[in-house]
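The values are calculated or read from the model by the stated rules, or taken from the named source; none is laboratory data. Note that the structure is predicted; figures quoted are calculated from it, not measured. Heads up, the Cβs are rebuilt from the backbone with ideal geometry, glycines too, and the neighbour counts pull from every protein chain shown.
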Amino acid sequence: MTTVVAEPHDRLRPRRRTWTPWWLLLPAVVILGALFGYPMGQLGLLSVLDFRQAQVSGGQPTRFLGLANYARIFGDPQFWSVLSATVLFAAACVVATLAVGAGLAVLLTRISKWPRLLLSLAAMAAWAVPAVSGSTVWMFLFDTDLGLVNQTLGLDGVNWMYDRYSAFALVGAVVVWHSFPFVMVTLYAGIEAIPGSVLEAAAIDGASTWRTFWQIMVPILRPLLAIVVIQSIIWDFKVFTQIYVMTRGGGIAGQNLTLNVWAYQQAFAAGEYGLGAAIGVVMMVILLVVTLLYLRTLRRTGEPL
Amino acid sequence: MRLRLAAAAALALTLTACTPSTSSPSSAPSDGGARTGTLKVWLFDEPNRAPKEAVVNDAIAEFTAAHPDTKVDLAYIAVDTRSERFKGAFNDPASAPDVVEYGNTDLPEYAAAGGLADLGPAVTAWPEGADLGADARASATYQGTLLGVPWYVGVRALYYRTDVFTELGLKAPTSQAELVEAAHTVRAKKPDLFGVAVGGKYTFGALPFVWDAGGDIASINSAQSRAGLKAYTDLIKPDNCPPQQCADLTGGKTVELFASGKAGMAIIGNFNRAAVDAGAAKGKYAVVPLPGTKPGSIAPAFAGGNNLGIMRNSQRPALAADFLTLLAGKKYQARMYDAMGNLPTLKSARAEVAGKDPFLQPFLATIDAGTKFVPLDPGWGKIDAAAVLPTMIEKVATGKATVEQATDEAATAIDAALGS
Amino acid sequence: MKISRRLLDGLAILIAIVTVFPIYWMILAALKPPGEIQSLDQRPWTLAPSLAAFRRVIAVDDFGRYFLNSVLVALVVVVASGLCAFLAAVALTRFRFRLRTTVLVLFLVAQMVPIEALTIPLFFLVRDIGARVPAVGLNTLGSLMLVHTAFTLPFAIWMLRGFVAAIPEELDEAAQLDGASRFTILWRILFPLVAPGLAATSVFSFITAWNDFLFARTFIISATDRQTLPMALLVFFKPDENDWGAIMAASTLMTVPVLIFFLLVRRRLVAGLGGAVKD
């Protein structure tokens, strides 16, 4: 392993010349390289092949398909409608999760010990519940005829899943419920790490919570916020369980399908691994583009990466 | 710089990953393999496993007594994990069992993957093999080869609320027209009940209507299929089960609705008895076969169920066949009925249990009237996964498409899947 | 405008109640007799609570074993992931080298692929690795540990990167001037200061490994004694015949250990910086 550290930038650290960062990176790179690099390579390969269970078990030979799988995806009108639905749904979930998570993180810093413990525990419980269980419970609560919400509010026979948008709204609420604890915990840890003197100074100057948050906390937390946003985008784009369970596989005539559920129905559940690989590549590229765009905007605002 | 990286990556990719990983099929020993050793068996786990376990343990005891130097290594697998497990077993023969229990609708998928062994000779040599119903045998045959022995079936019939019917002066329907009329009456006189609980996602509730009209999944846009579909979707209307509440119901949901007392009738299975008895409808219901359009006829029901099979790469096929035929025999099928309420597939076993419980009459009558099955084609898996049929029903039920449009759309998808 | 602390306390408690209500409902459903779970008369209580559902869950063969397997996998993943991520985060923040941004983005890309697409390649990879290193082959817990460590690393690295970056480099220099070795700087200074970040990522790693259904059923095929807790939950899902009571009971049993883990790391999560970095 050769030293990759460029000398001119390390004027402050002459001693570290001989300590290469690759030693530190080695464990992570090895694990990820083996467990990601190879499967990702295979993914790209599978996406251009006709690869189904029959081929996997060696019953039939694989066929090179070129870009036929991709053509099939892009030529399917349902793909485009599902894609746009997914983008909008994910965007809404990300915004909502961040708002709730950040708001509660700030709230946590301002309350007494026991309410703080209670709120953290409640949030942790929401985070800890397996996605399938949480979705099932919410589905019970909002069931048309047998659910507590409808019975208590006297909304007889209102099917939350009938209308496309109310279905997405309800599932979105569940996604936010599952995801906000992570944002809350992370941002809370970040806020707690802000030197107390900085916040005291703001308080002395008479800044309101709102201004303190936006003008002091956010700039300091920007690296953390960047990660949280990117993670949320990635996860909410790939959301599966909540949609699948609550809309019973995509809603009425597939009106609530998101990309991952659609991929599951079209490819993974049907044993079409080649097609599934192609969809995986497409999803990855979309997310990559979105993330890179986001990172570029960050860089323009001066945030060093 | 980026370009160089990308090029390097692409090169590495092509060099190291020229062929995808596959597993190579191993072949079974032609002499039937060893007659001693450990036999690995996979059976499905149940939410309440104890009764099943008791029966199976007895079968194992009888088997090991009759076959010296053998052991049975039994594993219960959750139904919900069967997809990954079976694929894992096909792809890694070291993890594969010898005898498996599998769902009969999964047969074409497993067959196409080349995972199941031909049971024709074993069943022919089996004295009780001749007793298998023709329908049952057909549902386990793929492209002419028998790949499983049906172990038990479950069918659906019409459950109805005796108290509601008595109150409204209705009789149990004997034709489809009577069924519709009864449903409308119940809904009209008792607006907070559904007449008959039907759902847009309930494929196996809808198919009997299609089949009774002479239609078929493979030709879903034929005139008969369309007539059958229309008969079903006409029930998802405000005068029976409004689309707003019923368009996205699954079979399981209709069970819950009937059990909780929200529906006057439901098309549910013999296997849902426990759930209904646990609810508010307990003691207030009776069952008749789902009537067809012709008065006095029975609409063909879907015969879901499980088969027992032998994995193709089993190293002890002869021993496996012995265990399989023991477990699938009349004695243990009858005992499985006692334990789990599963309907036997052997005619003699069915006759035996028929006498025990009058509750079974409508279901046995339904089986005897002739059951139907899904297309035995690997493409069925795709059709099922992509929810082609539920989407079709829902589109008509919600008015998003006419019967003609929806069936045409479904037919295109089905033809594409079945043809490939 | 200063809102009184009392009011905020009240708001927090209200939000806590709303957030936890579905959990309460889940536990309640686990205690209700079957007829009450799906009934036209839902009540937020039950007059006939019964532990039958919990008994059904615990009666699942080897349930205790599944539980221990899950605990083992989750703890190993937390430790391994945290360690590797910490080292990588330090490398990626304290040093500037040419491939730095690329490596960072690559780690991110790793998370963008839907996992279902990777199961077949991963299956064969694990099988082939297992041929050389049996401890991490198919049907072993090692395979789960390895895969989960890999899949939680990217997030953990990105997260800890932020925390390490927030520690001013003046601290390292101060320590160096005091004669501290690289090792000391790493473990005595940097490590404790990223404790809150580590706690957050460890909770994330724990939950990811603990609630995993997909890999557990892809890699553990025939060794039923190596199964993890989600398998016990899946037993009760049967098409058109789900045992809701047991599903809820199993879900409850799955949620509790995570809460315990959280309580254990909670202190670390909010550990202040002790004034070391404050002006």
Taking the options B:Gly279, B:Gly283, name whichever one is in contact with a Pro (Cβ under 8 Å, 6 or more places away or on another chain) and within 14 Å of chain C (Cβ to nearest Cβ).
-> B:Gly279
Test result for A:Leu104, at the interface with chain C (Cβ under 8 Å from one of its Cβ atoms) and surrounded by fewer than 21 Cβ atoms within 10 Å (Cβ to Cβ) = no
Can you tell me which residue among B:Ala351, B:Ala320, B:Ala369 is out of contact with any Phe, Trp or Tyr (no Cβ under 7 Å at 6 or more places or on another chain) and under 16 Å from B:Val123 (Cβ atoms)?
-> B:Ala320
Contact list, first residue from region C:205-220 and away from chain B (no Cβ under 14 Å), second anywhere and not in a helix (DSSP H, G or I), beta-carbon distance below 9 Å, six or more apart or interchain, is C:Ala209/C:Thr228; C:Trp210/A:Pro130; C:Trp210/C:Thr228; C:Asn211/A:Val129; C:Asn211/A:Pro130
Residue check, B:Ala94 surrounded by fewer than 20 Cβ atoms within 10 Å (Cβ to Cβ) and either part of a helix (DSSP H, G or I) or free of Cβ contacts under 8 Å to residues at least 40 places away in the same chain (or both) = yes
Of those in region B:261-289 that are in a loop (DSSP other than H, G, I, E, B) and in contact with a Phe, Trp or Tyr (Cβ under 9 Å, 6 or more places away or on another chain), the residue nearest to B:His184 (Cα to Cα) is B:Lys262
Residues (surrounded by fewer than 18 Cβ atoms within 10 Å (Cβ to Cβ) and either at pLDDT below 80 or away from chain A (no Cβ under 14 Å) (or both)) located in region C:72-85 | C:Leu72, C:Leu75
Could you check B:Leu170 against (1) free of Cβ contacts under 8 Å to residues at least 24 places away in the same chain; (2) among the aliphatic types (A, V, I, L, M); (3) assigned to a helix (DSSP H, G or I) and say which number it fails?
-> (3)
Please list, ordered by first then second residue, the pairs with beta carbon atoms under 8 Å, 6 or more apart or interchain, first in region C:86-97 and at the interface with chain A (Cβ under 7 Å from one of its Cβ atoms), second assigned to a loop (DSSP other than H, G, I, E, B) and among the hydrophobic types (A, V, I, L, M, F, W, C).
-> C:Phe95/A:Val5; C:Arg96/A:Val5; C:Arg96/A:Ala6; C:Phe97/A:Val4; C:Phe97/A:Val5; C:Phe97/A:Ala6
Considering region C:243-256, residues that are more than 9 Å from chain A (Cβ to nearest Cβ) and surrounded by fewer than 24 Cβ atoms within 10 Å (Cβ to Cβ), and then whichever is nearest to the chain's Cα centre (by Cα), we arrive at C:Leu253
Scan A:Ala267, A:Ala253 and give me the residue that is more than 9 Å from chain C (Cβ to nearest Cβ) and not β-branched (Val, Ile, Thr).
-> A:Ala253
Out of all the residues in region B:132-155, which are closer than 21 Å to B:Met336 by Cβ and either modelled with pLDDT of 95 or more or polar (S, T, N, Q) (or both)?
-> B:Ser139
Single unsatisfied condition, C:Phe63 versus (1) within 13 Å of chain A (Cβ to nearest Cβ); (2) touching a helix residue (DSSP H, G or I) at 6+ places or on another chain (Cβ under 6 Å); (3) in contact (Cβ under 8 Å) with a residue 40 or more places away in the chain | (1)
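This table checks each residue for (1) away from chain A (no Cβ under 14 Å); (2) outside any strand (DSSP E or B); (3) closer than 30 Å to C:Leu122 by Cα; (4) more than 19 Å from the chain's Cα centre (by Cα).
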residue: B:Glu84; (1), (2), (3), (4): no, yes, yes, no
residue: B:Gly88; (1), (2), (3), (4): no, yes, yes, yes
residue: B:Val100; (1), (2), (3), (4): yes, no, yes, no
residue: B:Asp106; (1), (2), (3), (4): no, yes, yes, no
residue: B:Asp135; (1), (2), (3), (4): yes, yes, no, no
residue: B:Ala138; (1), (2), (3), (4): yes, yes, no, no
Does region B:173-218 hold any residues that are over 18 Å from B:Ile267 (Cα atoms) and outside any loop (DSSP other than H, G, I, E, B), and which are they?
-> B:Ala188, B:Lys189
Filter region C:170-183 down to residues that are more than 7 Å from every other protein chain (Cβ to nearest Cβ), farther than 18 Å from C:Gly82 by Cα and in a helix (DSSP H, G or I), then give me how many there are.
-> 6
Determine whether region A:177-191 contains at least one residue that is more than 19 Å from the chain's Cα centre (by Cα) and either more than 10 Å from chain C (Cβ to nearest Cβ) or surrounded by fewer than 23 Cβ atoms within 10 Å (Cβ to Cβ) (or both).
-> yes
In region B:372-382, is there at least one residue being within 14 Å of another protein chain (Cβ to nearest Cβ), closer than 24 Å to B:Leu158 by Cα and not hydrophobic (A, V, I, L, M, F, W, C)?
-> no
For residues in region A:237-293 being in a helix (DSSP H, G or I) and among the polar types (S, T, N, Q), which is farthest from B:Ala113 (Cα to Cα)?
-> A:Thr291
Condition met for C:Arg226 (in contact (Cβ under 8 Å) with a residue 60 or more places away in the chain, more than 10 Å from chain A (Cβ to nearest Cβ) and more than 27 Å from B:Asn104 (Cβ to Cβ)) | yes
Residue pairs within 7 Å by beta carbon, gap of at least six or interchain, first lying in region A:257-269 and at positive phi, second buried (at least 24 other Cβ atoms within 10 Å of the Cβ), listed first then second, are none
Where in region A:23-90 are there helices (runs of 4 or more DSSP H), lying fully within it, with 3 or more residues that are within 22 Å of A:Val239 (Cα to Cα) and at the interface with another protein chain (Cβ under 7 Å from one of its Cβ atoms)?
-> A:38-46
Which numbered condition trips up B:Leu179, out of (1) under 24 Å from B:Gly279 (Cβ atoms); (2) surrounded by fewer than 24 Cβ atoms within 10 Å (Cβ to Cβ)?
-> (2)
Hand me the list of helices (runs of 4 or more DSSP H) wholly inside region B:326-420 holding 2 or more residues that are charged (D, E, K, R).
-> B:330-340, B:347-354, B:379-385, B:388-397, B:403-419
Which residues, counting only those in region A:126-146, are among the hydrophobic types (A, V, I, L, M, F, W, C), part of a helix (DSSP H, G or I) and within 19 Å of the chain's Cα centre (by Cα)?
-> A:Ala126, A:Trp127, A:Ala128, A:Ala131, A:Val132
